[in-house]
Amino acid sequence: PFAPFSSWTADFEPVLPRGARVETVLFGGAALGVVVIRAHHLGVTGRGPRTWLGIDRMLVLAFLAAMAVLPVALYTHHCRNLRERQAFRATRYLHAGDPARALRTLDEAGRWPGVARPARLDHLRAEALSLLGREAEAESLYLRAREGDPTSFWILADLAQFYAASSRPAGERRRLVAPLVRELDARFYSHPRYKEVVDRIECRLCRLRAP
């Protein structure tokens, strides 16, 4: 109903509070801050407040601002939860072998206000595109996901597996995979899925591809 604004994909996550309780504290605290500042100002200047119907006009404005902002904050929280659920559904579609449907759902999950970890959407899109055979697009999104979340074991592991199973010549696949496996060894050796992932990478590297 808010098109074209509902299709925006800008990432406002770093500046948005997470959770209805935090939003209430943040915006309610801002309104309270106006009240405190106003009271201090009146105490310093000694001037009486301008009033509407006997009520300090600034306090009325602060109250009205809070009443306007709080519903927006709650709506933002609701939308963020919706995006998280959409990302979860996209993951289920991927696991069910339906990458096209996963991509459509990820397009919905990428709308404002976005999910808590935007790199996760790039990762899921890369997985879906890889399953569809769109290697160039998948590689670009894997790399962007890794840049967005360099601490993720699974983004690194799936990028290595993607290169290992790609349509590139065997020598090039090994060249691309080698630094990623070294990074897995250095940073994630104790991860419970480490050995399984490394074995799978080697298996894919050894698999002969049809010319």
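The values are calculated or read from the model by the stated rules, or taken from the named source; none is laboratory data. Here the structure is a predicted model, which means the values were calculated and not measured. Neighbour counts are summed over all protein chains in view; Cβ atoms, including those assigned to glycine, are modelled from backbone coordinates with ideal geometry. Protein only, heavy atoms only, side chains kept; ligands, DNA and RNA dropped before computing areas. Shrake-Rupley method; radii C 1.70, N 1.55, O 1.52, S 1.80 Å.
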Largest-first ordering by accessible area, 1.4 Å probe, given options Tyr142, Tyr189, Tyr93, Tyr75 = Tyr189, Tyr75, Tyr93, Tyr142
Note down the nm distance, to one decimal, between modelled labels 7 Å out along Cα→Cβ at Glu137 and at Leu74.
-> 4.0
Residue by residue through the stretch 89-106, the couplings from Karplus 6.51 cos²θ - 1.76 cosθ + 1.60 with θ = phi - 60°, in Hz, x for Gly and Pro, are 5, 4, 4, 5, 5, 4, 5, 7, x, 10, x, 5, 5, 4, 5, 4, 5, 5
Most to least accessible of His123, His191, His78, His95 (protein chains only, probe 1.4 Å) = His95, His78, His191, His123
Heavy-atom accessible area ranking, 1.4 Å probe, most first, across Arg200, Arg174 = Arg174, Arg200
Keeping all protein chains in position, work out how much accessible area Glu147 exposes to a 1.4 Å probe, and write it in Å² to the nearest 10.
-> 150
Which value, in Å² and to the nearest 10, is the accessible area of Val181 when all protein chains are kept and the probe is 1.4 Å?
-> 30
Extension reserve of the Ala96-Asp185 stretch, reckoned as 0.36 nm per residue once the Cα distance is removed = 29.0 nm
